[in-house]
Amino acid sequence: MESPIPDYLNRVLEATRPLESGQPAGYIETLAKADTSKLAVALAMVDGTIYSAGDDQVEFSIQSISKAFVYALAIDDAGLDKVLEKIGVEPSGGAYNGIPVSVDRSTSRPMNPMINAGAIAAHALVVGPNATVEERTDRILKALSRLAGRQLHVDETVYEDELKDSGRNMGIAYILKAAGFIECDPQDAVKGYIRQCAINVNVRDLAMMAATLCNGGKQPISGDQIFPQQSVRQVLSVMTTCGMYDAAGTWVANVGIPAKSGVAGGIIGALPGQLGIAAFSPKLDKKGNSVRGVAICEKMSRDMGLHMMDASQISRSTVRVSVAIIEAGGGKGKPVEKRKVIIFSLKGAVRFTGLERLSRTIAHELSPPTPEHPDAGKHRDAYAVVISLREVYSLNKIARQILHDDIQRLLIEGRRVIVIDPTTALRMETVKDENSFHIVSYEAEARDFIGGSGCKLNPSSDLW
Ligand code: GLU
C-alpha cells in the first residue's frame, strides 16, 4: 500500500493554485523575474521521513528564513545573554525593513531577530566581531547545509542584485553601529547578511531544516545535534511571535505553528516535537508573505490538526489505576497468601500535568479518607505499589523529578514499590531501601518480586 500523504499534498497544491493575487518581491531583480507558476510543498517528520509535491526541486533564495537559523548560530557563538543585550524579542508590528519600528525608540536596540535590524545584528554576532565577511558566511553556509542535509550554495546573481539596492539595510547597520549594537564594520555586516539571504534552497531542504528545530536541534537523518535544545526553544519562541513580518498575530491565530517566511516566496513552519513544513510560491501579499504559501499552511494546519493551541488532547487520559491479586507461597504445605497490588499505569509523553495527575491519584488511593474525600484510601491495604511506565514514551525533567519524589515518599511510608520501566525512562539511581524498591523491565519480574517466582496472578487482573 502506498502512503496517502503525497496524494494529500498534491490536493493541497491544487486547492491553492487558483489563488492569483500578489506580486513577487520587486526590489531584487532576480526575484522580480521569478516564475510565478512555481508551487511546492514538503513535510518532514522528526524521524527524517520526508514527503513533497509540486516543484519540489526548484531552488529559490532562502532570504529571511535564514534569520531563524542565524539567530541560533549567534546564540551559539556569542551566548544568549550577549544576544539578548544586542537584540530584543518583542514583535515590532512593522515591516521587516522598516527603520523607525525595527529598533527600540529610546535605545535603538533592534526589536527582534526576525526583522532586518535584528537579523543584521545577529549576523554580526556570528563567529565574532573581528571575523571577515567570508568567515561569517562560510560558518552560516556550512550550518545551513548540515541542517538541509546537503551542500547548499550562494546564488551570486541574487547577491549582486540585492547588494545594488542595499541602501536601506546599510542605513540600518550604520544606526546599529552608532548605537553600539554591532561591533564590526556596518558594510561587512550587510554584505554578509545579504549573502546569507542569497543561499539557495528547495522546499525539501527547508522542511528538513524546520524538522531539525522540531527535533530539538538534532538533524533527523544525520543525528547531529546542530543546535542545543535551549537555543531551539528561543528560536521557536521568536518565530511564533515575530516570524511572519507584521502578520504574525493573524498567522498564529489561523495557522498556529512557529514559522518564518522569506521574500523569495518560501515559508517554513516548525511544530515542536512533530513535523517541519515548507511551502513555496513567489507571489507575495502586502505584508511580504507568499499568498499561496500562507494558504497551504492554513489548509494543512486545519486538515491535519496542527495548531499548537489546539486543546483537543487533554492530558487526563495519562493515568490508569487497576488492582491485581497475586497468590504467593503455597508450596510444601504452606498456606497460599493473597497479596493485593495496586498498579498505576502512565501513558504517553508525560510532562508536568501527567505527573501531577499521577501524584494526586496515588495520594487519593493510598491516603486515609477525610471528610472532603470520604472515598479516598480504598487501597491503603495494598501489599505493593506498582508504577507501570510500559506505555510511557518519554518523561520530561520535571515529570521525572516529581515521580522520584513520589517514590521516595512511598518508601518513607514503608511501602514496597516496583516500577516497570522497559525503556529506562525513570533514570533513578538513589534508592533508600533495596528490599522495598525494584525497577524491572517486565511484568513477570514484578510478579516474581511481589509473590516469589512461580506465583500466580489472579486471571482477571491483566491490566499491568
Ligand atoms: N534580503 C532581504 C532583505 O533584507 C530579506 C528580506 C526577507 O526575506 O524578508 O531585504
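The values are calculated or read from the model by the stated rules, or taken from the named source; none is laboratory data. Small disclaimer: the values here were computed from a predicted structure and weren't measured. Reconstructed Cβ throughout: ideal geometry from the backbone, glycine too, with neighbour counts over all protein chains shown.
Here are a few things to note about the model shown:
- Within segment 160-199, tally of residues that are within 13 Å of the ligand (Cβ to nearest atom) and either touching a residue at least 12 places away in the same chain (Cβ under 8 Å) or more than 21 Å from VAL103 (Cβ to Cβ) (or both): 24
- Across segment 393-414, the qualifying residues are those that are in contact with a helix residue (DSSP H, G or I) (Cβ under 9 Å, 6 or more places away or on another chain) and β-branched (Val, Ile, Thr), and the one among them that is farthest from PHE352 (Cα to Cα) is ILE402.
- Test: residue in segment 69-88 that is among the basic types (Lys, Arg), at pLDDT 95 or above and either buried (at least 21 other Cβ atoms within 10 Å of the Cβ) or within 13 Å of the ligand (Cβ to nearest atom) (or both): yes
- Of the residues making up segment 204-223, not a single one is farther than 20 Å from VAL41 by Cβ and hydrophobic (A, V, I, L, M, F, W, C).
- Those residues of segment 245-268 which are within 16 Å of the ligand (Cβ to nearest atom), on the phi < 0 side of the Ramachandran plot and in contact with a strand residue (DSSP E or B) (Cβ under 7 Å, 6 or more places away or on another chain), in sequence order: TRP251, ALA259, LYS260, SER261, VAL263, ALA264, GLY266, ILE267, ILE268
- Residue in segment 291-313 that is more than 23 Å from the chain's Cα centre (by Cα) and under 29 Å from VAL12 (Cβ atoms) present: yes
- Scoring GLY26 on the criteria (1) more than 16 Å from the ligand (Cβ to nearest atom); (2) without any contact (Cβ under 8 Å) to a residue 12 or more places away in the chain; (3) part of a loop (DSSP other than H, G, I, E, B); (4) not basic (Lys, Arg) leaves a single failure, condition (1).
- Residue match in segment 6-21 (condition: touching an Asp or Glu at 6+ places or on another chain (Cβ under 8 Å), outside any strand (DSSP E or B), closer than 21 Å to ILE120 by Cα and modelled with pLDDT under 95): no
- Contact map, segment 101-116: first residue away from the ligand (no atom under 15 Å from the Cβ) and at pLDDT 80 or above, second residue of a type in the set (Lys, Arg) and outside any loop (DSSP other than H, G, I, E, B), Cβ cut-off under 9 Å, separation 6 or more or different chains; pairs are ARG109/LYS86.
- Close pairs from segment 357-386: first closer than 16 Å to GLU413 by Cα, partner exposed (fewer than 12 other Cβ atoms within 10 Å of the Cβ), Cβ under 7 Å, at least 6 apart: GLY377/PRO368; ARG380/PRO368
- Yes/no for ARG139 being touching a residue at least 60 places away in the same chain (Cβ under 8 Å), among the basic types (Lys, Arg), more than 16 Å from the ligand (Cβ to nearest atom) and touching an Asp or Glu at 6+ places or on another chain (Cβ under 6 Å): no
- Condition check for ARG302 on (1) touching a Lys or Arg at 6+ places or on another chain (Cβ under 8 Å); (2) surrounded by fewer than 16 Cβ atoms within 10 Å (Cβ to Cβ): one failure, at (1).
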